[in-house]
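Note sheet for the following structure.
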Amino acid sequence: MSDFEELSFVIPGHTPETMPLDRLIEYLQQMAIVLGDPSQLHLVEIRHSSVSPVLRAPKIIALEAREMAARVQSGQGTLRQLGASDRIRRMVRSDAEGTHNLEKYALLKVADKVVLEIPPAPDEMGTVENLRQATYVDGQVIKVGGAGEDAALQLQGLDGRILSGFIVKRHLAKELAQLLWGPPVRLNGVGIWCRDIDGVWRLVKMRVQSYEQLEDDDAVSTLERLRSLKVDWPNDTYEKLSAEREGLQ
């Protein structure tokens, strides 16, 4: 029995001969977000008819990707995943203009089973304002200030961006002030999000309810620590997980 599984991403509106390379890369980038940025999914083939990139991964990783796809299909993915799905919808709509493919969906398939359907967007997606969502943000505290019972925080995200709009009670602000320019933290709370006309989600404001310090190890140290963990997986782990998943459906 193979230890790997293949997922095919069927993209309507193009053939391999007409699909621009940058457009194909954009589709794959958005699908990677939908599937949780799995580092062990690898592009191994592009099949004909529609453009169908084939992704290959160890079965455990493929199972995780399928679970991510199922959550996005039911509207329960993260805001970033749902935003990527919306982006694919708009791309499918745009690429289908002037063709006979306006009713065709982008599909994620395992063997012949469809695990995710992404329909083309309507003519106008519209904007969304003031959507409340449980949210967490990682970064380094670089500013704490304000008067009254609430204080304002400013973070520098792990990608270097400056992030504002964090509101926190005074007792938490005092604790976070001790971590100014220190190790990164994860802020947990309720965020207010908006989606612009291009379908891009943006965090407008966040009420911070708790925080936790993150380890500031470099990538090499982290990988070495993970490799040192002794995990003895049974030979039938994938089959057991699959059976449990089927039993929950």
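The values are calculated or read from the model by the stated rules, or taken from the named source; none is laboratory data. As the structure is a prediction and not an experimental result, all values here were calculated from the model. Here the Cβ positions follow ideal geometry from the backbone for every residue, glycine too, while neighbour counts run over all protein chains shown.
Some notes on this structure:
- Qualifying residue in the range 196-216 (condition: at pLDDT 90 or above, surrounded by 15 or more Cβ atoms within 10 Å (Cβ to Cβ), of a type in the set (Ser, Thr, Tyr) and in contact with a strand residue (DSSP E or B) (Cβ under 7 Å, 6 or more places away or on another chain)): yes
- Qualifying residues in the range 1-37 (those that are touching a strand residue (DSSP E or B) at 6+ places or on another chain (Cβ under 7 Å) and in a loop (DSSP other than H, G, I, E, B)) - the one surrounded by the most Cβ atoms within 10 Å (Cβ to Cβ): 12
- Residue pairs whose Cβ atoms lie under 7 Å apart, sitting 6 or more positions apart in sequence or on different chains, and linking a residue in the range 25-54 that is at positive phi and modelled with pLDDT under 80 to a partner that is of a type in the set (S, T, N, Q) and surrounded by 15 or more Cβ atoms within 10 Å (Cβ to Cβ), do not occur here.
- Output for the range 163-185, where each listed residue is over 29 Å from the mean Cα position of the chain (by Cα) and either more than 14 Å from residue 211 (Cα to Cα) or outside any helix (DSSP H, G or I) (or both): 169, 178
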